[in-house]
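**Student:** Quick one: this structure, given as structure tokens, is what I'll be asking you about.
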Amino acid sequence: MALIRCNFHSEALGMGTSMTVLLPDPAGAGIGLAGGAPAGDPPVLYLLHGLSDDDTIWTRRTSVERYVAPLGLAVVMPQVGRSFYTDEENGNRYWTFLSEELPEVCRSFFRLSDRREDTFVAGLSMGGYGAVKWALREPGRFAAAASLSGALNVAHRQHHPAHPMDPTVWHTVFGDRAVPGSDDDTVALLERAGDDLPALYVACGTEDFLFDDNTRFVETARRRGVPLTVDFSPGDHDWAYWDAKIQDVLAWLPLRAPATRSQ
């Protein structure tokens, strides 16, 4: 794999930002590591970070580079601060950056497939929310979307009795606007979703403080007849859980088979 930390100027944000990118290596793999390269432009996974992290966190806390090496899969990990992948009410336009600018910038810098069947999104916690929101708002873009420990009921998290959202974050991101029922409410998006959705995967540890958010999302999906893969198993809101579950997500993705090499 090629590992690239890319600093660039964002028109949507009006400032410099960064992303970390993994690209399949057509030359093959190193000793002890299987490698794979697709025929043509590689499929791409947009892999989103959580509230306290940045674009480097997946490569620092998991072995995602090793996991994707044999798959012929490119991975794009953008930097969005604490924005909840939203055009902030009192901040910057991170939803516009994510959904409009980032895919175009990536394809201008790198050879990546732009086909729906080759495009995927996943994330953890805040990033799980971002992944599901992006998939539900733009279902024609993705073949599959996965959430690990996602904040999938964020519309009701401002006044949650046990785990409310930081009021400073809420003010910056949502301000005084009504979130329930809006396009920033993933449960509401699911309620009004059409039939042509990407495949959905929801995983959350049963000891996670966001477990109730995930169960409500899953219950809504089942009531609406929306098919999804659910993994509720023991685990907490931590990197041991996410390092294990990202491997399950990668195995679940409907990827075309690469040409594999090993040394």
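The values are calculated or read from the model by the stated rules, or taken from the named source; none is laboratory data. Bear in mind the structure is a predicted one, so any value in this text is a computation, not a measurement. Cβ atoms come from the backbone with ideal geometry, glycine included; neighbour counts cover every protein chain shown.
**Student:** Quick test for you: out of W170, W242, pick the one residue that is in a helix (DSSP H, G or I), without any contact (Cβ under 8 Å) to a residue 40 or more places away in the chain and either surrounded by 15 or more Cβ atoms within 10 Å (Cβ to Cβ) or at positive phi (or both).
**Tutor:** Working: W242 fails: without any contact (Cβ under 8 Å) to a residue 40 or more places away in the chain.
Only one candidate passes the filter, namely W170.
**Student:** Does any residue of region 110-120 turn out to be at pLDDT 95 or above and under 14 Å from the mean Cα position of the chain (by Cα)?
**Tutor:** Yes - at least one qualifying residue is present in region 110-120.
**Student:** Any idea which residue in region 245-258 is modelled with the lowest pLDDT, counting only those that are in a loop (DSSP other than H, G, I, E, B) and not small (G, A, S)?
**Tutor:** Start the filter on region 245-258 by keeping residues that are in a loop (DSSP other than H, G, I, E, B), which leaves 253-258.
Next, only the ones that are not small (G, A, S) stay: 253-256, 258.
Numbers: L253: 98, P254: 96, L255: 95, R256: 80, P258: 64.
The qualifying residue modelled with the lowest pLDDT is P258.
**Student:** Given the structure, is L190 among the aliphatic types (A, V, I, L, M), in a helix (DSSP H, G or I) and either within 23 Å of Y46 (Cβ to Cβ) or at pLDDT 95 or above (or both)? Give the steps one after another, and end with the answer.
**Tutor:** Values: among the aliphatic types (A, V, I, L, M): yes; in a helix (DSSP H, G or I): yes; either within 23 Å of Y46 (Cβ to Cβ) or at pLDDT 95 or above (or both): yes.
Criteria met by L190.
**Student:** Just give me the residues in region 206-239 being part of a strand (DSSP E or B) and touching a helix residue (DSSP H, G or I) at 6+ places or on another chain (Cβ under 6 Å), in sequence order.
**Tutor:** The one that is part of a strand (DSSP E or B) and touching a helix residue (DSSP H, G or I) at 6+ places or on another chain (Cβ under 6 Å): V230.
**Student:** Could you list, ordered by first residue, the pairs with Cβ atoms under 6 Å in which the first is in region 206-235 and among the basic types (K, R) and the second is surrounded by 12 or more Cβ atoms within 10 Å (Cβ to Cβ), at least 6 apart or interchain?
**Tutor:** Taking only residues 6 or more apart or on different chains, the pairs are R216/N153.
**Student:** Among the candidates D196, D176, D184, single out the residue that is acidic (D, E) and over 22 Å from the mean Cα position of the chain (by Cα). Outline the logic, then answer.
**Tutor:** Numbers: D196 fails: over 22 Å from the mean Cα position of the chain (by Cα); D184 fails: over 22 Å from the mean Cα position of the chain (by Cα).
The conditions single out D176.
**Student:** Still on this model: Only one residue in A155, A203 is of a type in the set (A, V, I, L, M) and either in a strand (DSSP E or B) or touching a strand residue (DSSP E or B) at 6+ places or on another chain (Cβ under 7 Å) (or both). Which one? Break it down stepwise before answering.
**Tutor:** On the way: A155 fails: either in a strand (DSSP E or B) or touching a strand residue (DSSP E or B) at 6+ places or on another chain (Cβ under 7 Å) (or both).
After ruling out the rest, the residue left standing is A203.
**Student:** Right, here's the next one. Among the numbered criteria (1) out of contact with any Cys (no Cβ under 8 Å at 6 or more places or on another chain); (2) part of a loop (DSSP other than H, G, I, E, B); (3) surrounded by 14 or more Cβ atoms within 10 Å (Cβ to Cβ), which single criterion is violated by L112?
**Tutor:** (1)
**Student:** Between A145, A135, A162, which is assigned to a helix (DSSP H, G or I) and either modelled with pLDDT of 95 or more or more than 21 Å from D53 (Cα to Cα) (or both)?
**Tutor:** Working: A145 fails: assigned to a helix (DSSP H, G or I); A162 fails: assigned to a helix (DSSP H, G or I).
Criteria check complete, one pass: A135.
**Student:** Specify which of the listed residues (V80, V44) is more than 22 Å from D118 (Cα to Cα) and modelled with pLDDT of 95 or more.
**Tutor:** Numbers: V44 fails: more than 22 Å from D118 (Cα to Cα).
The unique qualifying residue is V80.
**Student:** Quick check, is D176 over 30 Å from R256 (Cα atoms), surrounded by 19 or more Cβ atoms within 10 Å (Cβ to Cβ) and either in contact (Cβ under 8 Å) with a residue 24 or more places away in the chain or not hydroxyl-bearing (S, T, Y) (or both)?
**Tutor:** Values: over 30 Å from R256 (Cα atoms): yes; surrounded by 19 or more Cβ atoms within 10 Å (Cβ to Cβ): no; either in contact (Cβ under 8 Å) with a residue 24 or more places away in the chain or not hydroxyl-bearing (S, T, Y) (or both): yes.
No, not satisfied.
**Student:** Only one residue in G123, G140 is in contact (Cβ under 8 Å) with a residue 12 or more places away in the chain, touching a helix residue (DSSP H, G or I) at 6+ places or on another chain (Cβ under 7 Å), over 19 Å from V226 (Cα atoms) and not in a loop (DSSP other than H, G, I, E, B). Which one?
**Tutor:** G123
**Student:** When you go through V76, V80, V44 one by one, which is the residue that is touching a Phe, Trp or Tyr at 6+ places or on another chain (Cβ under 8 Å), in contact (Cβ under 8 Å) with a residue 60 or more places away in the chain and either crowded, with 23+ Cβ neighbours inside 10 Å or under 22 Å from P254 (Cα atoms) (or both)? Write out each step before concluding.
**Tutor:** On the way: V76 fails: in contact (Cβ under 8 Å) with a residue 60 or more places away in the chain; V80 fails: in contact (Cβ under 8 Å) with a residue 60 or more places away in the chain.
Checking each option against the conditions leaves just V44.
**Student:** Any idea which of A257, A162, A251 is exposed (fewer than 12 other Cβ atoms within 10 Å of the Cβ) and over 29 Å from V44 (Cβ atoms)?
**Tutor:** On the way: A257 fails: over 29 Å from V44 (Cβ atoms); A251 fails: over 29 Å from V44 (Cβ atoms).
From the options A257, A162, A251, the qualifying one is A162.
**Student:** Can you report the number of residues in region 7-35 which are buried (at least 19 other Cβ atoms within 10 Å of the Cβ), at pLDDT below 95 and β-branched (V, I, T)?
**Tutor:** Residues in region 7-35 being buried (at least 19 other Cβ atoms within 10 Å of the Cβ), at pLDDT below 95 and β-branched (V, I, T): 0 in total.
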